[in-house]
Amino acid sequence: RANPYLILAATWVAASLVPTFGAGLMFSWSADLIAIIALLGLARFFLALAGLDVGTSFGGIGSSREVMIASLAEPAMLMIVFTLALVAGSTQLSTMAGFLVSSEVGLRVSLGMALIALIMVAIAENAR
């Protein structure tokens with residue numbers, strides 16, 4: 001019975017960690033992309049548990065599909081984060097955004113490959 005609330009809480013905390021209106025915010029140290037991805041993975045885990053809790057075969061099929069997509073999308077998303085972290089020098093979201101906005105980034109092959117991987121992860125996450 002608590003799974004919808006846990007899913008909402010994990011997603012809400014992950015969304016609240018994203019600095020949207022400025023750089024150098026007070027809690028920017030907690031806006032680490034690895035923590036945000038872990039919170040989204042935790043929400044997906046609770047979603048799969050909620051599907052299994054129903055006790056029907058359709059809930060099990062949906063949960064197994066969700067876990068299969070997560071096992072393919074989460075490592076790709078972490079590789080995207082690590083690619084951006086290597087370029088920016090940090091996994092904190094405000095530092096990465098500040099570096100990518102600056103003019104010293106330039107055109108890099110690794111960022112292009114990360115963009116292609118991000119598009120593939122977005123397609124997988126949207127169940128297309």
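The values are calculated or read from the model by the stated rules, or taken from the named source; none is laboratory data. All figures in this text were calculated on a predicted structure; none of them were measured in a lab. Cβ sites come from the backbone with ideal geometry, for glycine too, and all protein chains shown count toward neighbours.
Is there a residue in the stretch 50-70 that is modelled with pLDDT under 90, within 30 Å of ALA97 (Cα to Cα) and of a type in the set (S, T, N, Q)? Checked the stretch 50-70: no residue is modelled with pLDDT under 90, within 30 Å of ALA97 (Cα to Cα) and of a type in the set (S, T, N, Q). Among the residues that make up the stretch 107-116, is at least one of them in contact with a helix residue (DSSP H, G or I) (Cβ under 8 Å, 6 or more places away or on another chain), surrounded by 15 or more Cβ atoms within 10 Å (Cβ to Cβ) and either within 17 Å of ILE37 (Cα to Cα) or modelled with pLDDT of 90 or more (or both)? Yes, the stretch 107-116 contains at least one residue that is in contact with a helix residue (DSSP H, G or I) (Cβ under 8 Å, 6 or more places away or on another chain), surrounded by 15 or more Cβ atoms within 10 Å (Cβ to Cβ) and either within 17 Å of ILE37 (Cα to Cα) or modelled with pLDDT of 90 or more (or both). Modelled with pLDDT of 90 or more, surrounded by 11 or more Cβ atoms within 10 Å (Cβ to Cβ), among the aliphatic types (A, V, I, L, M) and assigned to a helix (DSSP H, G or I): is that true of MET96 in this structure? Considered against the rule, which asks whether it is modelled with pLDDT of 90 or more, surrounded by 11 or more Cβ atoms within 10 Å (Cβ to Cβ), among the aliphatic types (A, V, I, L, M) and assigned to a helix (DSSP H, G or I), MET96 comes out as no.
Tell me, which residue of the stretch 117-128 that is small (Gly, Ala, Ser) and surrounded by 11 or more Cβ atoms within 10 Å (Cβ to Cβ) is nearest to VAL67 (Cα to Cα)? Step by step, filter the stretch 117-128, then rank; the result is ALA124. Residues in the stretch 105-128 that are outside any helix (DSSP H, G or I) and not hydrophobic (A, V, I, L, M, F, W, C): 4 in all.
Considered as a group, the residues in the stretch 49-71 that are part of a helix (DSSP H, G or I), surrounded by 12 or more Cβ atoms within 10 Å (Cβ to Cβ) and among the β-branched types (Val, Ile, Thr) include one that is farthest from the chain's Cα centre (by Cα), and that residue is VAL67.
Within the stretch 63-91, residues that are in contact (Cβ under 8 Å) with a residue 24 or more places away in the chain and hydroxyl-bearing (Ser, Thr, Tyr) have Cβ atoms under 7 Å from residues that are part of a helix (DSSP H, G or I) and surrounded by 15 or more Cβ atoms within 10 Å (Cβ to Cβ) in these pairs: THR83/ALA114; THR91/LEU33; THR91/VAL81; THR91/ALA85, counting only partners at least 6 apart in sequence or on another chain.
Of the residues in the stretch 9-19, at least one is modelled with pLDDT of 85 or more and over 23 Å from VAL121 (Cβ atoms). Sub-8 Å Cβ pairs linking a first residue in the stretch 96-123 that is over 14 Å from LEU84 (Cβ atoms) to a second residue that is assigned to a helix (DSSP H, G or I) and not hydroxyl-bearing (Ser, Thr, Tyr), at least 6 apart or interchain, are MET120/ALA76, ordered by first then second residue.
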